[in-house]
Amino acid sequence: MPTAPKFIGDFMELRLSNKFCKASVVSTEITSPNIKTITFKGSFPKVKFKIGQAILIRVNDKNYRNYTPSKWDSELGIFEVVFHMHGNGPGSHFINHLKADDQITVGLPRGFNIYKQEAQYQFFFGDETCISVFKSLKDKINSDNNNYLGVLEVDEVSIDELYNLGLMLDTVPKSINHAEFAIESLNELDDKIWDLWQNGYFYLMGNAKSIQAFRRALKEKGVSSKNIYTKPFWADGKIGL
């Protein structure tokens, strides 16, 4: 439900009140000009959150946007999202202006658990829109004593800032040729490292065309389709953030 008339949105929130909650901003942290981490507090004690699930945030009277939490604690009523603010869209405008004590309407988490717990070696590919879910995955991978690598293609303004989020990933600039520099980074992996990761599990998220290009590169290197998870968050020319 990315867009709906105001009366429809109001009706849905009232009719499906058990699927929505109110949450207040606890704190905000700006990592780079287009990356903002926000912690929220609400009441959702019965929610059993799974990594990769999305929440729906009402960003104005008519528009909703999907976001993936980087942390979720139903018992404490706390969740965190790392937001990518891109351009002047309604989602970016709303997130950019959120401050402590502001209240938002949230559609509770939905979707499947994407974490492949049995995979000892895991690899991330994406962009700024994926940071929140990658952070959630990273925390779980570390707690399970598994291993991760990855590469993010990001805007120049963020390329040196992402380490502040605790994600130990390579960063490369975006290119007109989708995933071009990320694929170069993949091909530069030491043979000994690739021997470990080629049978691991790969999460490809973010831009649809970049995902397609990176997936082709993995297939050419012999990675099985069953070891590749894809989730496009946005596509060129489509309304998004």
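The values are calculated or read from the model by the stated rules, or taken from the named source; none is laboratory data. Everything numeric in this text was worked out from a predicted model, so none of it was measured. When we count neighbours, we look across all protein chains shown, and the Cβ atoms used for this are built from the backbone with ideal geometry, even at glycine. Side chains included, ligands, DNA and RNA excluded: accessible areas come from the protein's heavy atoms. Shrake-Rupley method; radii C 1.70, N 1.55, O 1.52, S 1.80 Å.
Brief remarks follow.
- For the Cα trace of the range 81-208, dividing Rg by the Kirkwood Rh returns an Rg/Rh value of 0.99.
- Mean separation of Cα contacts under 8 Å, 6 or more apart, over the residue count of the chain: relative contact order %: 18
- For the range 163-172, Karplus couplings with θ = phi - 60° (6.51, -1.76, 1.60), whole Hz, Gly/Pro x: 5, 5, 8, x, 9, 8, 10, 5, 10, 10
- Residue ranking by accessible heavy-atom surface, 1.4 Å probe, largest first, among K238, K50 comes out as K238, K50.
- Normalised convex hull volume, the range 3-113, alpha-carbon set, Å³ per residue: 99
- Å² of accessible area per residue within the range 1-139, as computed with a 1.4 Å probe and no ligands counted: 49
- Cα-only Debye scattering, the range 78-150: base-10 log of I(q)/I(0) at q = 0.13 Å⁻¹: -0.53
- Note on D73 and E118: the extension gain reaches 13.9 nm, defined as 0.36 nm multiplied by sequence separation minus the Cα-Cα distance.
- In a simple Cβ point-charge model (Lys, Arg +1; Asp, Glu -1; nothing else charged), the range 30-87 has a dipole of about 140 debye relative to its Cα centre.
- Using a probe of 1.4 Å, the accessible surface attributed to E128 totals some 0 Å² when neighbouring protein chains are kept in position.
- Cα centre as origin, Lys/Arg/Asp/Glu Cβ charges: the chain dipole, Debye: 1300
- Centre-to-centre separation between the Cα atoms of the range 140-165 and those of the range 55-131: 17 Å.
- Measuring r between the beta carbons of D191 and T230 and using R0 = 22 Å, the FRET efficiency lands at 0.25.
- Ratio of Rg to Rh over the chain (Cα coordinates, Kirkwood Rh, two decimals): 0.97
- Whole-Hz Karplus values for the range 40-52 come out as 10, 10, x, 10, 8, x, 8, 6, 9, 6, 10, 4, x Hz, taken residue by residue from phi with 6.51 cos²θ - 1.76 cosθ + 1.60 and θ = phi - 60°; glycine and proline positions read x.
- The range 105-231, relative contact order in percent, only Cα pairs under 8 angstrom and at least six apart counted: 29
- Taking 16 Å as the straight-line reach from the Cα of K62, the aspartates and glutamates in range (excluding those fewer than 8 positions away in the same chain) are D10, E13.
- Residue-wise HN-Hα couplings along the range 117-134, as the Karplus relation 6.51 cos²θ - 1.76 cosθ + 1.60 with θ = phi - 60° gives them from phi, are 4, 6, 7, 6, 10, 10, 9, 10, 9, x, 9, 4, 5, 9, 4, 4, 5, 5 Hz; Gly and Pro carry x.
- Selected from I104, F83, C21, residue furthest toward positive end of dipole (the chain; charges at beta carbon): C21
- Only one residue of I35, P45, F124 has its Cα farthest out toward the positive end of the dipole of the range 10-143, where Lys and Arg carry +1 and Asp and Glu -1 on Cβ, and that residue is P45.
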